[in-house]
1. Does residue 258 fit the bill of being open to solvent by less than 10 Å² (accessible area, probe 1.4 Å), over 17 Å from the mean Cα position of the chain (by Cα) and at pLDDT below 90?
2. How about region 190-233: which of its residues are charged (D, E, K, R) and in contact with a Leu (Cβ under 9 Å, 6 or more places away or on another chain)?
3. Which residue pairs have Cβ atoms under 6 Å apart, sit 6 or more places apart or on different chains, and have a first residue in region 84-112 that is modelled with pLDDT under 85 and a second that is basic (Lys, Arg)?
4. Out of all the residues in region 61-87, which are within 22 Å of the chain's Cα centre (by Cα) and surrounded by 19 or more Cβ atoms within 10 Å (Cβ to Cβ)?
5. Being open to solvent by 60 Å² or more (accessible area, probe 1.4 Å) and of a type in the set (A, V, I, L, M) is the filter; apply it to region 180-217 and report the residue that is modelled with the highest pLDDT.
6. Any chance you could count how many residues in region 233-255 are in a loop (DSSP other than H, G, I, E, B) and modelled with pLDDT of 85 or more?
7. Within region 218-231, how many residues are open to solvent by 20 Å² or more (accessible area, probe 1.4 Å) and under 17 Å from residue 113 (Cβ atoms)?
8. For region 22-71, give me the residue count where each residue is farther than 19 Å from residue 3 by Cβ, in contact (Cβ under 8 Å) with a residue 40 or more places away in the chain, in a helix (DSSP H, G or I) and not β-branched (Val, Ile, Thr).
Amino acid sequence: MLSQLLADHAALHRALGFKFRTPGILLRNFTFAERRGECVVTTETVREWALQAPSPEQRRNRLLTARRFAIAMNAEDPRHEVPSADLFGRASHRRRTPYIYDPADIRRLINAAHRLGPDGSIRPLTYATMFALIAATGMRISEALSVRLPDVTDDGLIIAQTKFKKSRLLPLHPTTRRALDGYIKTRLKEASQSDALFISHQGTPLAYPTVISVFLQIVRSIGLRADAGARGPRIHDLRHTFAVRSLERCAHDAEAVARHITALSTYLGHAHVTDTYWYLQATPELMAHMAAAG
């Protein structure tokens, strides 16, 4: 059964230390093939399944995820067809232009999170605090969801489960620390068997798909994003905003930027400083500052 092969494939990657979150979600949806009565991967089925995605980027993600699965299966059973990576044509990698939030946007996002239900539960405070913490520190959403209560230390936040398996310490601004301490005071009163910092009103750790769904609900409700399928601000853009705003503060001085960008790269947990230099071209305003400074 394809469903069992898909489950075993995902379990193997997780056992090897991969989080396998997004590929795992995509492959669960590939049971589309089994519902058609198929027991092996075929190029035509992969093509039809991928074409159901709402955007070219998501279609390609589906294709490449199914292709990697097919390669693994084909090694044991040649009946599994391996679709070409260029099934939809060659794709050039292009970074998506980030949405840079202004302070009013962030306030509206946090205020809207405070209005979530159920009334009297920790849920509104959880989401408001989490979005505010990401905006204030530039941490990844995956990192925020991985923070445990013992990771909140007197010196700052310990980010122990990073994208590149590197731990780092995030010092916190006093105002950020006060807000986080206020949340923790409420969090410690909640009945929960988990030590996750951010929990649901049922006491369980927040799940990534649930957080994305709630975020989209909020940004649509405050007019920052149109209906489903339309592009707009993402949670990850809070991280982009943090990086760009921090660089803007010293953009008038090229030498200051060079010093700051090294520290910023470490703070953000980038594998290479070149990943941080990309932010210099993230907005026209920052490019203009750098041109003037040059």
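The values are calculated or read from the model by the stated rules, or taken from the named source; none is laboratory data. As the structure is a prediction and not an experimental result, all values here were calculated from the model. Positions of Cβ are generated from backbone atoms using ideal geometry, with glycine treated the same way; all protein chains shown enter the neighbour counts. What goes into the accessible areas is simple: the full protein's heavy atoms, side chains included, and nothing from ligands, DNA or RNA. Shrake-Rupley method; radii C 1.70, N 1.55, O 1.52, S 1.80 Å.
1. Values: open to solvent by less than 10 Å² (accessible area, probe 1.4 Å): no; over 17 Å from the mean Cα position of the chain (by Cα): yes; at pLDDT below 90: yes.
No: the conditions fail for residue 258.
2. Step one: list which residues in region 190-233 are charged (D, E, K, R), which gives 190, 195, 220, 225, 227, 231.
Once the filter is applied, which keeps residues that are charged (D, E, K, R) and in contact with a Leu (Cβ under 9 Å, 6 or more places away or on another chain), region 190-233 yields 195, 225.
3. Pairs found: 91/60.
4. Answer for region 61-87, where residues must be within 22 Å of the chain's Cα centre (by Cα) and surrounded by 19 or more Cβ atoms within 10 Å (Cβ to Cβ): 62, 63, 65, 66.
5. 188
6. Going through region 233-255, the residues in a loop (DSSP other than H, G, I, E, B) turn out to be 233-235, 249-253.
Next, only the ones that are modelled with pLDDT of 85 or more stay: 233-235.
Of the residues in that region, 3 qualify.
7. The first filter runs over region 218-231 and keeps only residues open to solvent by 20 Å² or more (accessible area, probe 1.4 Å), leaving 220-231.
Pick out the ones that are also under 17 Å from residue 113 (Cβ atoms) and you get 220-225.
Matching residues across region 218-231 total 6.
8. Qualifying residue count for the region: 1.
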